[in-house]
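Heads up: the structure comes next, in structure tokens.
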Amino acid sequence: MRNLSILGETAVELPPAYRLLDLCVDVTEERVFVLCGDDSATARLLTYDSQYTLTDECVLPLSATEQIMSMHFVMEREHVVIALASGDICTAGSGVEVVGTVDAGIAACRWSPDDEILALV
């Protein structure tokens, strides 16, 4: 790890009244996807591109007690996949779609390095 060097860094500000919930990165297109929420029962998926332009992608309806277990960008499908503690697995892009549900809920999850397998606990 001693051979790693920082090539650059940038700071961006979230819109007022938002708090950071999670984020993921698309390294090929140099985009950062930021999931942020406010005091209402919704969360917004925002995108910062390589020019640091903010785009509002979509709105996710979340309860106040909902916990984000994982947020991951899948390059092959160009979607952000969000796993919630309640058991819902959603894809987000131009809209939000629930693609699966685990009835018992999700305690933890992790993607394989090749983005082919999602391990759920």
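The string of couplings for segment 67-84 from the Karplus curve (6.51, -1.76, 1.60, θ = phi - 60°) is 10, 7, 8, 7, 9, 9, 8, 9, 4, 4, 9, 6, 10, 8, 10, 10, 9, 10 Hz, one whole number per residue in order, with x for Gly and Pro. Distances between placed amide hydrogens fall under 5 Å for Glu57 paired with Leu45, Leu46, Thr47, all partners being 5 or more residues away or on another chain. For the set Leu14, Leu45, Leu23, the ranking by accessible area, highest first and with no ligand, DNA or RNA atoms included, is Leu23, Leu14, Leu45 under a 1.4 Å probe.
Assuming charge only on the beta carbon of Lys and Arg (+1) and of Asp and Glu (-1), the dipole of segment 23-121 about its Cα centre is about 220 debye to the nearest 20. Reported to the nearest whole Å, the Cα centre-to-centre distance from segment 1-25 to segment 34-48 is 16.
Of the options (i) 24, 15, 12; (ii) 22, 16, 14; (iii) 24, 20, 14, only one is semi-axes √(5λ) of the Cα gyration tensor in Å as computed from these coordinates, and that is (iii). Its relative contact order, with pairs defined as Cα atoms under 8 Å and 6+ residues apart, puts the chain at 14 percent. Amide H to amide H distances under 5 Å link Leu14 with no residue, where only residues 5 or more positions off or on other chains count and H is placed in the peptide plane. Remark: segment 13-30, residue by residue, has Karplus-estimated 3J(HN,Hα) of 9, 6, x, x, 6, 9, 10, 6, 9, 6, 8, 8, 10, 9, 6, 6, 9, 6 Hz, where x stands for each Gly or Pro and the curve is 6.51 cos²θ - 1.76 cosθ + 1.60 at θ = phi - 60°.
Rounded to whole numbers, the Karplus 3J(HN,Hα) couplings from phi for segment 51-63 are 9, 6, 8, 8, 10, 8, 6, 6, 10, 10, x, 10, 6 Hz, using 6.51 cos²θ - 1.76 cosθ + 1.60 with θ = phi - 60°, and x at Gly and Pro. Amide H contacts for Leu21 (H built 1.01 Å from N in the peptide plane; partners 5 or more residues away or on another chain; cut-off under 5 Å): Leu35, Cys36, Gly37.
The values are calculated or read from the model by the stated rules, or taken from the named source; none is laboratory data. Bear in mind that the values here come from a model prediction, so they are computed numbers and not experimental data. Cβ coordinates were reconstructed from backbone atoms using ideal geometry, including for glycine residues, and neighbour counts include every protein chain displayed. What goes into the accessible areas is simple: the full protein's heavy atoms, side chains included, and nothing from ligands, DNA or RNA. Shrake-Rupley method; radii C 1.70, N 1.55, O 1.52, S 1.80 Å.
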